[in-house]
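Single-structure report; data block below.
The values are calculated or read from the model by the stated rules, or taken from the named source; none is laboratory data. Predicted model, so just to flag it, every value in this text is computed and none were measured. Methodologically, a virtual Cβ is constructed for each residue, glycine included, from the backbone with ideal geometry; neighbour enumeration extends over all protein chains shown. Side chains included, ligands, DNA and RNA excluded: accessible areas come from the protein's heavy atoms. Shrake-Rupley method; radii C 1.70, N 1.55, O 1.52, S 1.80 Å.
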Amino acid sequence: MSQYASFCKNKKQFAVLVDPDKYTAKELIDLATIARKATVSYLFIGGSLLEKDNLENTLKVLKDHTDIPLIIFPGDGMQINENADAILLLSLISGRNPDLLIGKHVIAAPYLKQSNLEILPTGYMLIESGKSTTASYMSNTLPIPHDKDGIAVNTAMAGEMLGMKLIYMDGGSGAKNAVSLSMIERVKASISIPLIVGGGIRTPEAAAERYKAGADIIVVGNAIEDQQSLLYKIAEVTYSF
Ligand code: 1GP
């Protein structure tokens, strides 16, 4: 099955974000083992700014130790690597930085075309989360205000009309406040493509509320780096729907 068909399954799914800077090879093997036992749906690999050249090794170690699909979640055009299964081709539709709407994609297109990666066109929306995030700083864009549900709705609808296959609403890694339930509800009601929600989700309860509000896929990164057992608890919530 293509990864896209898998994203479109009509059931809740759980993605763990793996920042290549933050895991040693041994920690990656442990993570892969736990993620496999918990039947995590996807591993998203990438970061808004990588400080080390660890992407390829991270992918290779994970690939050797799990069958969970490896999806690149790129912070920039350098994060393209054949050892993954697919890549979220992010267009930062919440911002007005032309480079991140189309410029980087023009540069990356021939590399992506000749790769074996499945391309997942994704309307990426940064949502203000109570503090400045690396994603917002590095992208040189203003996130959508936390309480402006209408802006998020219009942006997501425009993304779908432009042909995006997924919408990803992100408070940014380490967000103080996760995306609000009302924003998720309203965006979900306005689009017919899968809705990914991440940033600042730290508890199974917070994940459950966001699934109930309409998120199809929840992404958790930081909280799992701090406490790997959380992975089982969020997986349990995910598959209880
Ligand atoms: C960030 O959505 C991801 O892009 C995950 O965020 O690390 O805060 O869980 P956290």
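Please find, within region 211-233, the residue that is nearest to M125 (Cα to Cα) out of those that are open to solvent by 20 Å² or more (accessible area, probe 1.4 Å) and away from the ligand (no atom under 11 Å from the Cβ). Break it down into steps so the answer makes sense when it comes.
Step one: filter region 211-233 for residues open to solvent by 20 Å² or more (accessible area, probe 1.4 Å), giving 212, 216, 222, 225-229, 232-233.
Pick out the ones that are also away from the ligand (no atom under 11 Å from the Cβ) and you get 212, 216, 227-229, 232-233.
Numbers: K212: 20, D216: 15, Q227: 27, Q228: 27, S229: 29, Y232: 28, K233: 27 Å.
The extreme case among them is D216.
Looking at (1) within 23 Å of L50 (Cβ to Cβ); (2) touching a residue at least 24 places away in the same chain (Cβ under 8 Å); (3) exposed (fewer than 12 other Cβ atoms within 10 Å of the Cβ), which one does R96 not meet, given that it meets all the others?
Failing condition for R96: (1).
Consider L50 carefully, then state whether it is open to solvent by less than 30 Å² (accessible area, probe 1.4 Å) and not in a strand (DSSP E or B).
Values: open to solvent by less than 30 Å² (accessible area, probe 1.4 Å): no; not in a strand (DSSP E or B): yes.
No; evaluated as a whole, the condition is false for this residue.
Name every residue in region 174-190 that is surrounded by fewer than 24 Cβ atoms within 10 Å (Cβ to Cβ) and either within 9 Å of the ligand (Cβ to nearest atom) or part of a loop (DSSP other than H, G, I, E, B) (or both), in order of residue number. Before the answer, list the steps.
In the first step, residues of region 174-190 are kept if they are surrounded by fewer than 24 Cβ atoms within 10 Å (Cβ to Cβ); the result is 174, 176-177, 180-182, 185-186, 188-190.
G174, K176, N177, S180, listed by residue number.
Check T203 against each of (1) surrounded by fewer than 17 Cβ atoms within 10 Å (Cβ to Cβ); (2) under 14 Å from the mean Cα position of the chain (by Cα) and name the one condition it does not meet.
Among (1) surrounded by fewer than 17 Cβ atoms within 10 Å (Cβ to Cβ); (2) under 14 Å from the mean Cα position of the chain (by Cα), T203 violates only (2).
For the structure I just gave you, tell me whether S180 is hydroxyl-bearing (S, T, Y) and closer than 23 Å to F14 by Cβ.
Details: hydroxyl-bearing (S, T, Y): yes; closer than 23 Å to F14 by Cβ: yes.
Taking the combined requirement at face value, the residue satisfies it.
With (1) out of contact with any strand residue (DSSP E or B) (no Cβ under 9 Å at 6 or more places or on another chain); (2) surrounded by 20 or more Cβ atoms within 10 Å (Cβ to Cβ) as the list, and I29 as the residue in question, which single condition is left unmet?
Here I29 meets the rest and fails (2).
So if I check each of F7, F14, which one is touching a Pro at 6+ places or on another chain (Cβ under 8 Å) and of a type outside the set (K, R)?
Working: F14 fails: touching a Pro at 6+ places or on another chain (Cβ under 8 Å).
Just a single option satisfies the conditions, and that option is F7.
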